[in-house]
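Trainee: Sharing a structure, written as structure tokens. Questions coming.
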């Protein structure tokens, strides 16, 4: 089968045969471009999404496999989300399902827990943070008990709002406050939970610290690696000292401007949870979709 995750900034594809992972493909499509200002997915974004799907169809076997496609915050928030899904289906034959924040958290957790088990890292209890393009999910997992929150704040939406309000620091402070309130509401039981980070920004930071760039990115090296607050701060300074074209070589075209906000959001996460180290996992929603598909078949 082929699992597809259309996020607010990136679309990701992966094959899975029930036992092993197959080919994968991803592309930055900026689905949430202008969403903050217009509350709509723009035509250019739809075209980029369709082009990425067509490119994936040339690389993966869509004809002989089931395709399960989900989409998240950008399409959830957009007033024309249903129309966009119909247009994508008309142009590519791929039908997306909009999932809510709770379901997104469940599927992402499924993938991350599976990866931690494969890495032989204790997965009985941990805090998982997924900072996406249009939303951020924070999940506390404690021996099958799940507490989660989905915030309509991501690197794309915060970047666009920061440009319009010229007050990024206030937005980051509000983000920290929301995380802090949720964390404190769960009481002492979660105070010492290990932090696990997934999504594009932390994996990009980790890859950069290892000397990788966007074209030679290796998820196998990323999975299970450690990232510290100091790593984030140093990476921010180094990337911001580059021109945009050089920065894009490391973080990907379409992410060279957004990465600054993304790193600052990761730093805010560290600070609000009062920790300075996290485990990085590349697996996310698309892998969760694939694992859930095979669980339902079995």
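Read-outs: derived from the displayed coordinates by stated rules, not from any lab. Since the structure is predicted, the reported quantities are computational estimates derived from the model, not experimental observations. All Cβ positions, glycine included, derive from the backbone under ideal geometry; neighbour counts span all protein chains shown.
Trainee: For the chain, set up a Gaussian network in which alpha carbons nearer than 10 Å are linked by springs, and say which option among 252, 224, 187 fluctuates the most.
Mentor: Of 252, 224, 187, the most mobile in the Gaussian network model is 187.
Trainee: In whole angstrom, note down how far apart the Cα centers of the stretch 258-298 and the stretch 64-140 are.
Mentor: Each part's Cα centre sits 11 Å from the other's.
Trainee: Just to be sure I follow: if Rg is taken over the C-alpha atoms of the stretch 121-285 and Rh is the Kirkwood radius over the same atoms, what is Rg/Rh? Let's see the in-between values first.
Mentor: Values: Rg = 15.3 Å, Rh = 16.1 Å.
My calculation puts Rg/Rh at 0.95.
Trainee: In terms of the Cα gyration tensor, with a ≥ b ≥ c the square roots of its eigenvalues, is the stretch 2-101 rounded because a/c is under 1.5, prolate because a/b exceeds b/c, or oblate?
Mentor: On the way: a/c = 1.99, a/b = 1.81, b/c = 1.10.
Verdict is prolate for the stretch 2-101.
Trainee: Sorted from fewest to most neighbouring beta carbons within 10 Å, what does the list 247, 298 look like? Walk me through the numbers on the way to the answer.
Mentor: Numbers: 247 20, 298 6.
Ascending number of Cβ neighbours within 10 Å: 298, 247.
Trainee: So, one more: Taking a quarter of the surface of the convex hull around the Cα atoms of the stretch 209-255, what do you get in nm²? Kindly include the intermediate steps, with their values, before the conclusion.
Mentor: On the way: hull surface 14.0 nm².
Its Cα hull, projected and averaged over all orientations, spans 3.5 nm².
Trainee: From the helices alone, meaning DSSP H stretches of at least four residues, give me the mean residue ellipticity at 222 nm for the chain, per-run term -39500 (n - 2.57), in deg cm²/dmol to the nearest 500.
Mentor: Details: 13 runs with 147 residues, N = 298.
Here the helix-only value at 222 nm equals -15000 deg cm²/dmol.
Trainee: Let me ask something additional. For the chain, what proportion of DSSP beta bridges, expressed in % and rounded to the nearest 5, is antiparallel? Working shown, then result.
Mentor: Values: 29 of 43 bridges.
Just about 65 percent of them are antiparallel.
Trainee: Sorted from largest down, what three extents in whole angstroms do the Cα atoms of the stretch 63-203 have along their principal axes?
Mentor: For the stretch 63-203, the Cα extents along the three principal axes come out at 50, 46, 24 Å.
Trainee: Compute log10 of I(q)/I(0) for the stretch 147-188 with the Debye formula, placing one identical point scatterer on every Cα and leaving out solvent, at q = 0.18, 0.26, 0.27, 0.33 Å⁻¹, to two decimals.
Mentor: -0.56, -0.89, -0.93, -1.15
Trainee: Determine the distance separating the Cα centre of the stretch 1-33 from the Cα centre of the stretch 229-245; give it in Å without decimals.
Mentor: 27
Trainee: In addition: Per 0.36 nm of contour for each residue apart, how much would the distance between residue 277 and residue 90 grow if the chain were fully extended, relative to their Cα-Cα spacing? List each step's numbers first, then the result.
Mentor: On the way: separation 187, 0.36 × 187 = 67.32 nm, distance 4.51 nm.
So the extension gain works out to 62.8 nm.
Trainee: Under a crude label model (7 Å from the Cα following the beta-carbon direction), how far is residue 100 from residue 55 in nanometres?
Mentor: If labels sit at residue 100 and residue 55, their model points lie 3.4 nm apart.
Trainee: Pick from 168, 63, 51: which is most flexible by mean-square fluctuation in a GNM of the chain where alpha carbon atoms under 10 Å apart are linked?
Mentor: Highest fluctuation of the listed residues: 63.
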